[in-house]
Amino acid sequence: VLLYSTISWMWDEERLPLSKIVLQGDLQYVSAFDVQRAFGQLDHIGTFMSQDINELQSSAQSIPWVSHASIRKQWPDTIKVFLTEYQVKAIWNGNSLLDDKGVVFNGDIAQVNEEHVKLYGPDGSAPEVLNIWKQYSPKFQQIGLNISSLVLNERRAWQIILDNGIRLELGKESLEERINRFFLLYKQLGNDSERVSYIDLR
């Protein structure tokens, strides 16, 4: 009877309510209010004993900027929430963001202060497009240029737009060969490159 009474008391909805949130992590975009709002969308938050940690974790990870959430309870009424945010590497298809692994997430682009390359491609192609940018961006930087946009269209053809306004049409095949061809051409153009806006390397 004593055991039953103790368990009943601990699981009583009016006892040991979870009433405090402690937010931890190196956070730039996620606030305590975001976490409260996410938890508030749950159908029901139980007591210290009855609340499912996995449910809270799934709720926290639904916040757009959160890449990983770790939740634990602290007696008698506290939820400790440790969050890791996505780190922006690129803007994807104009309305989403990419992290360094090519994971697409829906953080608010308006919150991003730094300039980032704009990448475009069909669904599921984000890691491939990001890797191509990582591969060739340093080579363009060696000649004083930056890739401002990299596009993989539905026909699997590549296009690069540089920060000096030049657009490169690269087609579907022999990408490295065609980019190297541009480097040779760019050196030959010299100051005349300022008069060029489009180069078809196919």
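Given the condition at pLDDT below 85 and either surrounded by 12 or more Cβ atoms within 10 Å (Cβ to Cβ) or closer than 30 Å to E115 by Cα (or both), answer yes or no: does some residue in region 36-43 qualify? Yes, region 36-43 contains a residue that is at pLDDT below 85 and either surrounded by 12 or more Cβ atoms within 10 Å (Cβ to Cβ) or closer than 30 Å to E115 by Cα (or both).
When every residue of region 114-134 is checked against the conditions, at least one turns out to be over 28 Å from E173 (Cα atoms) and out of contact with any strand residue (DSSP E or B) (no Cβ under 6 Å at 6 or more places or on another chain). Candidates are the residues of region 51-79 that are more than 23 Å from V112 (Cβ to Cβ) and open to solvent by less than 40 Å² (accessible area, probe 1.4 Å); the one that is modelled with the lowest pLDDT is Q51. Look at region 76-105: where a residue is under 11 Å from P127 (Cβ atoms) and a partner is polar (S, T, N, Q) and assigned to a loop (DSSP other than H, G, I, E, B), sitting 6+ places away or on another chain with Cβ atoms under 6 Å, you get D99/Q87.
Please go through region 83-99 and pick out each residue that is touching a helix residue (DSSP H, G or I) at 6+ places or on another chain (Cβ under 8 Å) and in a loop (DSSP other than H, G, I, E, B). Answer for region 83-99, where residues must be touching a helix residue (DSSP H, G or I) at 6+ places or on another chain (Cβ under 8 Å) and in a loop (DSSP other than H, G, I, E, B): K89, N95.
The values are calculated or read from the model by the stated rules, or taken from the named source; none is laboratory data. No experiment lies behind these values; they were computed from the predicted model shown. Reconstructed Cβ throughout: ideal geometry from the backbone, glycine too, with neighbour counts over all protein chains shown. We work out accessible area using only protein heavy atoms, side chains counted, and drop any ligands, DNA or RNA first. Shrake-Rupley method; radii C 1.70, N 1.55, O 1.52, S 1.80 Å.
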